[in-house]
Amino acid sequence: GFLISVISTLYSGLDLVYQKIVGQDMRSAEMSIFVQLAKNTDIATGTPGEHIDRVSKYVYAVCHALEMDDMMAKAYALASKMHDIGKLAIPHYILTKPALLTDRERLIMKCHTDYGAVILSSFSIKPVFKIAAAIAMYHHEQYDGKGYHGIAGDKIPLCARITTVCDAFDALTTKRDYKEAWSFDSALQYINDNSGSIFDPQVVDAFNRSVNIIKNIKNGKES
């Protein structure tokens, strides 16, 4: 019922995008769709619009540090922009609450991972949507298995393990209504302190190798 209506709204909201991309190649069409979905998510969540762009750039840098093929790195980076798309199905008062959530509200918020996977699985134009669906579903997993769905280690898709580190770092270093921004070094220390528990050690190592690039991105000096 409700989730189906959300998906229908997404499809109808993309009509204009499809009209604009007639005659373009599929890669351009794919990009346009993702950008529109990302904008929709920002509007719904009240999250600063730069967040998803920074996370995407962090993901791209980490993928290269992992010596990933550039085409796959770009796919992971693009797909990571959709990690919170499921928040479109979460009540607005919860998304914008300027305080910590209650236990009930946290349970509702946790559902955004399942909603995101369902929404993105509805699109099958390109494999990148499958990557995006996996990121949406599993970006709140923890390496030790204590995350949302209890999946641990390498059973968590690599695309999600990378996005988890990048998303957590940017969330920590970004001011929100309910918290102040952490310093770059404090957030980096948190990531390293939780390597092997919350975060994949291999991904954390790659993040550390990318730290100069990431610092420039955070400071708006990297495109």
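Report the relative contact order of segment 98-216, percent, no decimals, based on alpha-carbon pairs under 8 angstrom and at least 6 residues apart.
Relative contact order, segment 98-216: 20 percent.
A crude spin-label estimate for the pair Tyr148 and Ala181, with each label 7 Å from Cα along the Cβ direction, gives 2.6 nm. Under 21 Å between alpha carbons, and skipping anything fewer than 8 positions from Lys146 in its own chain: which lysines qualify? Counting by Cα, and skipping residues close in sequence, Lys146 has these lysines nearby: Lys110, Lys155. Applying the Karplus relation 6.51 cos²θ - 1.76 cosθ + 1.60 with θ = phi - 60° to segment 183-188 yields 3J(HN,Hα) values of 6, 4, 5, 5, 5, 5 Hz, where x marks Gly and Pro.
For segment 116-165 and segment 62-109, what is the centre-to-centre distance using only Cα atoms, to the nearest Å? Cα centroid to Cα centroid, the span is 10 Å.
Solvent-accessible surface of segment 101-152, averaged per residue with a 1.4 angstrom probe and all protein chains in place: 48 square angstrom. Ordering Ala168, Ala134, Ser186 by Cα displacement along the dipole of segment 107-201 toward the positive end leaves Ala134 in first place; charges were set at the Cβ atoms of Lys, Arg (+1) and Asp, Glu (-1). Computed from the C-beta positions of Asp114 and Lys221, the FRET efficiency with R₀ = 35 Å rounds to 0.40. Karplus-derived 3J(HN,Hα) values for segment 205-220, using 6.51 cos²θ - 1.76 cosθ + 1.60 with θ = phi - 60°, are 4, 5, 4, 4, 5, 9, 4, 5, 5, 5, 5, 5, 4, 4, 8, x Hz; glycine and proline are entered as x.
Derived scalar couplings between HN and Hα for segment 99-112 equal 7, 5, 7, 6, 4, 5, 5, 5, 5, 5, 4, 4, 5, 5 Hz in order, rounded to whole Hz, by the Karplus curve 6.51 cos²θ - 1.76 cosθ + 1.60 (θ = phi - 60°), x for Gly and Pro.
The values are calculated or read from the model by the stated rules, or taken from the named source; none is laboratory data. This is a predicted model, so every value here is computed, not measured. Counting neighbours? That spans all protein chains shown, and the Cβs are built from the backbone with ideal geometry, glycine included. The area values use the complete protein model at the heavy-atom level, side chains included, leaving out ligands, DNA and RNA. Shrake-Rupley method; radii C 1.70, N 1.55, O 1.52, S 1.80 Å.
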